[in-house]
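The values are calculated or read from the model by the stated rules, or taken from the named source; none is laboratory data. The structure displayed is predicted, hence computed values, not measured ones. Cβ atoms come from the backbone with ideal geometry, glycine included; neighbour counts cover every protein chain shown.
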Amino acid sequence: MGTPALQHVIQSIGLEQHEAKLYLIGLKIGAGPASEYAKGAKLNRVTTYNYLESLVKRGIFSAIKKQRGKWYEPISPEKLSIEARKNVDSLDRVLPDLKALMGKHHRTPRVRYYEGAEGIRSVYEDMLTAEGEILNFANSEIVRSFWKEYDIEYVKQRVKKGIYLKGIAPDDEMGRRVQGQDKASLREIRLVSVKDFPITNEISIYDNKVAIVSFSEDEADLFGVIIESREVSETQKQIFKMAWRYAALGEGARHKGDKKDTEIHTDPKVRKDQLNMF
């Protein structure tokens with residue numbers, strides 16, 4: 001990597017153009033007086049001295065007193081990397097406080113649109129950034145028909161990151177098969193009637209986002225949308241909670257076959273007429 005590119009990288013961690021230039025010069029010459037740095041940077045000695053003193057105060061350079069003045073020497077690239085990471089860590093720690101300061105004018109929903117197979121994968125990659133659980137409506141058969149390595153490339157990565165998923169899916173052969181792997185896949189899936197609830201796309205709610213993926217046999221018609229909005233996300237979470245409660249009363253409960261098993265899966269607060277929903 002050439003000097004201009006290196007200087008650009010050094011500037012990206014918070015140094016000004018001349019400061020980054022002086023740092024790179026320092027790596028070449030080692031300890032030296034301000035006049036030597038000034039010559040290399042093509043700056044006057046006073047300006048160079050002021051820059052170097054500022055860098056000493058920030059811990060980027062050290063100063064050594066000599067008989068004829070001060071000599072300056074930059075810290076090693078390894079130490080510079082540590083200092084840069086400290087700044088990032090500090091920012092991460094106060095990030096919640098910074099977000100809390102944001103006014104309503106910052107809350108305009110952000111909508112991102114994706115097309116094609118690669119675009120769809122980008123949506124799933126964003127789901128893997130979830131800090132909390134994912135709430136999901138999906139058709140287990142359709143998503144795996146579209147994405148053959150779905151369980152390896154997405155589910156396995158979600159499990160590795162420790163992201164728990166609650167899902168509602170059609171009660172078909174694939175749905176039951178996938179449900180049988182819930183424990184190993186860090187999730188809980190509840191099944192609903194295929195006839196009454198023919199889910200064909202996927203909706204995932206996580207953090208302050210809602211992701212929608214629409215599948216199609218024609219790749220040109222594949223698309224995904226991510227809506228980033230606290231208000232939209234919270235509303236969708238409430239809708240999911242309602243569906244999740246009633247999903248426990250659906251096909252999965254009735255397949256048990258007898259009254260006793262049905263009662264186990266029935267919320268006593270739900271009226272009998274509500275069971276007809278499933």
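A few notes on this one:
- Verdict on Gly14 being closer than 24 Å to Ser90 by Cα, surrounded by 13 or more Cβ atoms within 10 Å (Cβ to Cβ) and either modelled with pLDDT of 90 or more or of a type outside the set (D, E, K, R) (or both): yes
- Matching option when the condition is of a type outside the set (Val, Ile, Thr) and touching a helix residue (DSSP H, G or I) at 6+ places or on another chain (Cβ under 8 Å), among Lys209, Lys195: Lys209
- When residues of segment 143-163 are limited to those that are in a helix (DSSP H, G or I) and of a type in the set (D, E, K, R), the one farthest from Glu202 (Cα to Cα): Lys160
- A Cβ distance below 6 Å, combined with a sequence gap of six or more or placement on separate chains, defines the contacts here; from segment 32-50, residues that are more than 14 Å from Ala63 (Cα to Cα) reach residues that are polar (S, T, N, Q) and in a helix (DSSP H, G or I) in the pairs Ala38/Thr48; Arg45/Ser35.
- Residue that is nearest to Lys156 (Cα to Cα), among those in segment 171-196 that are touching a Leu at 6+ places or on another chain (Cβ under 9 Å) and assigned to a strand (DSSP E or B): Arg187
- Residue list for segment 1-31, filter: farther than 18 Å from Ser62 by Cβ, part of a loop (DSSP other than H, G, I, E, B) and touching a Phe, Trp or Tyr at 6+ places or on another chain (Cβ under 9 Å): Glu16
- Entirely in segment 39-142, the helices (runs of 4 or more DSSP H) that have 1 or more residues that are in contact with a Gly (Cβ under 6 Å, 6 or more places away or on another chain) and crowded, with 16+ Cβ neighbours inside 10 Å: 116-127
- Filtered residues of segment 138-150 (kept if acidic (Asp, Glu) and without any contact (Cβ under 8 Å) to a residue 12 or more places away in the chain): Glu149
- Single residue of Ile203, Ile227, Ile142, Ile199 found to be closer than 27 Å to Val111 by Cβ, of a type in the set (A, V, I, L, M) and out of contact with any strand residue (DSSP E or B) (no Cβ under 7 Å at 6 or more places or on another chain): Ile142
- Selection of first residues in segment 10-28 that are on the phi < 0 side of the Ramachandran plot and in contact (Cβ under 8 Å) with a residue 12 or more places away in the chain and of second residues that are part of a helix (DSSP H, G or I) and of a type in the set (Gly, Ala, Ser), restricted to Cβ pairs under 7 Å at least 6 apart or on distinct chains, gives the following pairs, ordered by first then second residue: Ile10/Ala20; Ile13/Ala84; His18/Ala41; Lys21/Ala41; Leu22/Ala41; Ile25/Gly40; Ile25/Ala41.
- Residue match in segment 151-168 (condition: under 30 Å from Tyr246 (Cβ atoms), at pLDDT 90 or above and more than 21 Å from the chain's Cα centre (by Cα)): yes
- Unique match (being modelled with pLDDT under 90, closer than 16 Å to Phe137 by Cβ and among the acidic types (Asp, Glu)) among Asp218, Asp258, Asp267, Asp196: Asp196
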